[in-house]
Each structure stands twice: as structure tokens, then as C-alpha cells.
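**Student:** Okay, here's the structure, questions in a sec.
The values are calculated or read from the model by the stated rules, or taken from the named source; none is laboratory data. Nothing here was measured: the structure is a model prediction, and the numbers come from that model. Positions of Cβ are backbone-derived with ideal geometry, glycine not excepted, and every protein chain shown enters the neighbour counts. The area values use the complete protein model at the heavy-atom level, side chains included, leaving out ligands, DNA and RNA. Shrake-Rupley method; radii C 1.70, N 1.55, O 1.52, S 1.80 Å.
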Amino acid sequence: MTATPERRSTRQLARPDLPRFDTEELDPPTREALSGLLLTMADDEFVLGFWDSEWTGIAPMLEEDVAFSSLAQDEIGHARLLFEMLAQLRGSDADDLAFGRTADEYRHCRLLDHPRTDWAFSVARRWLYDTADAVRLGALRRSGFVPLAQIVEKIRREETYHLMHMDVWMRRLAQGGEPRERLEVALASLWPDALSVFAPLPEEDLLIEAGILAAPMSGLADRHYEQLRGVLSSLGLTVPEPRPSSQDGRDRAKPSESFRWLWGEFTMVHRLEPGATW
Amino acid sequence: MSALRTVDPSAGAPMPLEQAIWAALEDVSDPEIPTISVVDLGVVRRVEVGPGRVRVELLPTFVGCPAIDLMRSAVEERLAGFAPDVEAVVSFAEPWTSQRITPQGHMRLRESGFGPPAPAGDGESLLPMLPVAPCPYCGSLDTSIQNAFGPTLCRAIYHCAACRQPFEQFKTV
């Protein structure tokens, strides 16, 4: 029997990928507001990535098994960068932020509080999210907070593929028959949360003043809503009524039971063996 | 491959350290496509040489790419003899794009059965990102995309109608 191979810990835990930046250039209230923005973005990408991964092995066709696994990997990668940026800003730890919170402390938008459900539902939800995310990333790509602008520039190139993929699926499902019926059911049940990505952020005025965010969330919600209506109409799909509100998109009394279940899954290793690396 | 292979023997002068480092980095390959080096892939952004130290900046092809950690350790291992303090860091100062792949990189990709990325991808519009990918086997343009997502984040799956071969394209980003 030879010696047991040395267990290598993952390097990324010891050395964050994100270049160091000077947190002192921001005054404390602006830094706090920026933290709030980063937390919502990181949680969105993180939670969506785990929902995507629920299709690994059971997607309706092999190509989508591969696609959704890739989408999941992309989103978790984006979340990791955002958590690392947030950790630098707050002087905390990215893994603790990602895995060390209670289910109630996540700030993902309500759109991502729904379970995976069926394929049409996952497509509709992802399309609603991706189109909203594109608007949000557009408002950050020339951010005055340069480290954020830099990673947004990288992330949005990858998200373009996501958006394209979901766009194709929306068109496929919208063609008719049972797929179209399921898509309409999914859109109707997701509709109240369709603008939830743009829930107002605490002190977002400070972010706009500092040039970190290009427009208020409510303005981004308006832009997104017009785009949604346009695409749905062009596909001959019903635009559900009334226009959804984005006001209470992230502050919920309690996250859904579905999210609690997902949280239980993705925090399991961290809870069983805090500080574990793999 | 020797790190000194690019020295011009007629010059006789010692090779500048930075140049030697770039040459050495050509020995470090992409762990997911081992025929292409990190230099030809355009992952190496910058090499900085200071007294007793070497710093290399790497641009990840995709944010969630697990290979970047391997590349970082491989770069540090390869350069270990060049200075007491060798550091490889990941940078986002500019986005890696598929246009960073060198002409030699394109050749290596084709040799390994990969379609090289198209010269598009300004990041502004969606359409140029799904160009016609020439088949790496027969060169035909009668190809179609099967899946924008492949076995790794940076690869898409195509099919060639002329030689009836599936192939992978290095994504245009």
C-alpha cells in the first residue's frame, strides 16, 4: 500500500480570482449601497445556476442536458466573481456569503423563488430572467466602479449566448400545440414576478450619483417591460395583465418552500463540514 | 522544448528575461485542448519582470472556466526557475475574446479537429456570434450549429453536411 495521495485543496478558495481593488475610494454609504447591488446580482446568478443544474441528467434531450449544465456552470462562475467582489468590499469571505447564510438571508429576486417545474416553465423563467439581466448588465457596463464594469463586460458576452439559446426555445415552444399551452401557463404564473429583478435597491440614488449604476431600477423595469411586451406580441403570445410591480421584488417575508429545499441542497456540504474544500 | 529556442545564435547576447518567459509559456498548454498553448490561446495578457520577481496576468476564456486554476498553477510551475518570486494572477482588466487566439492557435485548433472561432464578436450584436463555421476536416461551409453549448464552456457543437462529421467550434465571444 502506497502512501495516500495528498489531498489538494481547491486553489480558488485560498486565492480569489478577482484582482484586489481599493475599497477606500468609496465613501461608506456608497460602499454599503454597492454591497446591496452586488448581493442581489450574486444571489440571482447563484440561485439560477442551481435551478439550472436541476436539469442535469433529466433534460428532455441530450443537447439540453449539456446546455443547461453549461448554463449552470456559467452562472455559478459569475456568482463566484460577484461574491468575491462583495467579500473584498465587506472584508468578509466569499464562501461564507455563498453558503453560510440562512435561507431567509438570500436576496434573489422572486422570479427565482419558483421551482424548476416543467420544461416550458424553466424556459419561460430563464427567458424572463435573461432579458432582464441583459438590461441590468447594460446599465453597469460603463460603471464608474471600474472592477464591476470590467467583470460585467466579460459576463455579458457569455450571457449573450444564454439569451440567444432561450430566445430560440421561446420561438420553438410558441409555435403551437401542447408546448404553446404550457408556455402560456408558465408565463401567466411567472408574470407577477416578471419585473422582480428590478426591485428598488436600498440607497440606489447614491449609486446613480456615484456613476456606478446608469439608471434607477424603476427606469430599467420600464425598459424591460416594453421589450417583454414587444417580443411576446411578436410571437403571438398573450401578454398577461396587469403590468407586474417591481416594488417588492426582493424583500419577502419568507422565501418559498421550493427555495428552502434548493438551499438545503446547495448548502448541504457546507453545513455538514464547514470549511470543507473539494 | 527549450526555453532558449528563440535565441538568435548569431546575436550571442543573453536573451532578455521577458522574452525567455514568453517562450517558456508556450510550453504550458490548455488543459482542455492540450494541443494549444496558453500563449496561442491569447490567455496571457502581460508578463512583468522586476528584480527577483515575475508576474504573469492571465485572462480567463470564460468566467466559470475551471481550467484557469490549472493554467495558473501550470504557469507558476513552468516559470519557477526564472525568479525567486513567480506569480500568476487572473485579470479582468480586459475581456478575453476569441480574437485573441493567434494564427498559430487557429492552425493548432484545426489540426485537433476544432473549428476556430469566426472573426466576429464585438459583443454588441447577437447575430455575428453564430457565423458559418468552416468544417475543420473538409473545409466545407455547408455546416450547421447543433448546440451552442458543448463539452466545455468555450465549445459549441456543429455538423458538417458535406463530410457528415460532427465537430466542435471554439466559440466566438
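**Student:** In debye, nearest 20: dipole of region A:113-195 around its Cα centre with unit charges on the Cβ of K, R (+) and D, E (-)?
**Tutor:** Working: 13 positive and 12 negative charges, 68 e Å.
In debye, rounded to 20, region A:113-195 gives about 320.
**Student:** Which whole-Hz couplings ³J(HN,Hα) result when phi for each residue of region B:140-146 is put into the Karplus expression 6.51 cos²θ - 1.76 cosθ + 1.60, θ = phi - 60°, listed in order with x for Gly and Pro?
**Tutor:** Here the 3J(HN,Hα) series is 5, 9, 7, 10, 9, 6, 9 Hz.
**Student:** Give me, ordered by chain and number, the residues 5 or more places off B:Val86 or on other chains with an amide H under 5 Å from its own placed amide H.
**Tutor:** Those qualifying (amide H under 5 Å, at least 5 residues apart or on another chain) are B:Val54.
**Student:** Under a GNM of chain A (C-alpha, springs under 10 Å), which listed residue has the highest mean-square fluctuation: A:Phe46, A:Phe21, A:Phe145?
**Tutor:** Per the Cα network of chain A with a 10 Å cutoff, A:Phe21 tops the list.
**Student:** Any idea of the total accessible area buried by the A-B contact, 1.4 Å probe, rounded to 100 Å²?
**Tutor:** Working: alone 13740 and 9110 Å², together 19880 Å².
Protein heavy atoms only, the A-B interface buries about 3000 Å².
**Student:** Given the options A:Glu178, A:Glu204, A:Glu84, state which has the largest fluctuation in a GNM of chain A using a 10 Å cut-off (strictly under) for Cα springs.
**Tutor:** A:Glu178
**Student:** Enter the accessible area per residue of region B:46-123 (Å², integer; probe 1.4 Å; all protein chains in place).
**Tutor:** Working: 3120 Å² over 78 residues.
Normalised by residue count, the accessible surface of region B:46-123 is 40 Å².
**Student:** Calculate how many DSSP beta bridges within the protein assembly as shown are antiparallel, expressed in % of all such bridges and rounded to the nearest 5.
**Tutor:** Working: 16 of 24 bridges.
Percent antiparallel among DSSP bridges in the protein assembly as shown is about 65.
**Student:** Leaving out ligands, DNA and RNA, and with a 1.4 Å probe, what % of the accessible surface on the protein assembly as shown is carbon or sulfur?
**Tutor:** Working: 10810 of 19880 Å².
C and S fraction of accessible area: 54 percent.
**Student:** Give the accessible area for A:Ser218 in Å² (nearest 10); use a 1.4 Å probe, count only protein heavy atoms, and leave out ligands, DNA and RNA.
**Tutor:** About 60 Å², ignoring ligands and nucleic acids.
**Student:** If you don't mind, another one. Within 14 Å, Cβ to Cβ, of A:Thr23, how many net charges do the neighbouring residues add up to if Lys/Arg are +1 and Asp/Glu are -1?
**Tutor:** Numbers: positive: A:Arg20, A:Arg31, A:Arg90; negative: A:Asp22, A:Glu24, A:Glu25, A:Asp27, A:Glu32, A:Glu84.
Around A:Thr23, the charge tally is -3.
**Student:** Here is a follow-up. Are there residues in region B:139-173 whose accessible area shrinks by at least 10 Å² when all protein chains are included rather than the chain by itself, and which are they (probe 1.4 Å, ligands and nucleic acids not counted)?
**Tutor:** B:Gln146, B:Asn147, B:Ala148, B:Phe149, B:Gly150, B:Leu153, B:Lys171, B:Val173
**Student:** Right, next: For chain A, what does -39500 (n - 2.57) per DSSP helix run (n ≥ 4), summed and divided by total residues, give at 222 nm, in deg cm²/dmol to the nearest 500? Present the calculation step by step, with values, prior to reporting the outcome.
**Tutor:** Working: 11 runs with 166 residues, N = 278.
My calculation for chain A gives -19500 deg cm²/dmol from helical runs alone.
**Student:** Keeping every protein chain present and rolling a 1.4 Å probe, give me the accessible area per residue for chain A in Å².
**Tutor:** Details: 12250 Å² over 278 residues.
Heavy-atom SASA per residue in chain A reads 44 Å².
**Student:** Quick one: compute the contact order of region A:119-248, relative version, from alpha carbon pairs under 8 angstrom and 6+ residues apart, as a percent. If you can, show how the numbers build up before the last one.
**Tutor:** Numbers: 136 pairs, mean separation 44.5, N = 130.
With pairs under 8 Å counted, the relative contact order is 34 percent.
**Student:** May I pose another question? Enumerate cysteines in the protein assembly as shown without a disulfide-compatible partner, where compatibility requires another Cys Cβ under 4.7 angstrom.
**Tutor:** So far as the 4.7 Å Cβ criterion goes, A:Cys109, B:Cys65, B:Cys154 stand without a partner in the protein assembly as shown.
**Student:** In addition: Just want to confirm a number: the relative contact order over chain A, from Cα pairs under 8 angstrom separated by 6+ residues, in percent.
**Tutor:** On the way: 322 pairs, mean separation 64.0, N = 278.
Dividing the mean separation by the residue count of chain A yields 23 percent.
**Student:** Give, as a single signed number, the net charge of other residues whose beta carbon lies under 14 Å from the beta carbon of B:Gly115, with Lys and Arg counted +1 and Asp and Glu -1. Don't jump to the answer; show the numbers that get you there.
**Tutor:** Details: positive: B:Arg108, B:Arg110, B:Arg155, B:Lys171; negative: B:Glu111, B:Asp142, B:Glu168.
Computed value for this residue: +1.
**Student:** Right, here's the next one. Only Cα pairs under 8 Å and at least 6 apart count here; give the relative contact order of region A:3-156 as a rounded whole percent.
**Tutor:** Values: 124 pairs, mean separation 36.0, N = 154.
Reported as a whole number, the value is 23 percent.
**Student:** Now, a different point. Could you derive backbone 3J(HN,Hα) for region A:74-81 from the dihedral phi with the Karplus parameters 6.51, -1.76 and 1.60 (θ = phi - 60°), listing whole Hz in sequence and x where the residue is Gly or Pro?
**Tutor:** Once rounded to whole Hz, the list reads 4, 5, 5, x, 5, 4, 4, 4.
**Student:** For a quick check of understanding: with a 1.4 angstrom probe and all protein chains in place, what accessible area in square angstrom does A:Asp130 have, to the nearest ten?
**Tutor:** Per-residue accessible area (A:Asp130): approximately 10 Å².
**Student:** A further question on this structure: Note every residue of region A:52-69 with a reduction of at least 10 square angstrom in accessible area, all protein chains present versus the isolated chain, computed with a 1.4 Å probe, or write none.
**Tutor:** Residues losing area: A:Glu63, A:Val66, A:Ala67.
**Student:** Ignoring ligands and nucleic acids, what accessible area does A:Lys254 show with a 1.4 Å probe (Å², nearest 10)?
**Tutor:** 140 Å²
**Student:** Note every residue of region A:134-180 with a reduction of at least 40 square angstrom in accessible area, all protein chains present versus the isolated chain, computed with a 1.4 Å probe, or write none.
**Tutor:** Buried on complex formation: A:Gln150, A:Lys154, A:Arg157, A:Glu158, A:Thr160, A:Tyr161, A:Met164.
**Student:** HN-Hα J couplings of region A:207-213 from phi, Karplus 6.51/-1.76/1.60, θ = phi - 60°, integer Hz, Gly and Pro as x?
**Tutor:** My calculation for region A:207-213 gives 5, 6, 4, 7, x, 7, 10 Hz in order.
**Student:** While we're looking at this one, here's another question. For B:Arg45, what residues show an amide H to amide H distance below 5 Å, using hydrogens built from the backbone and excluding near sequence neighbours?
**Tutor:** B:Glu57, B:Leu58, B:Leu59
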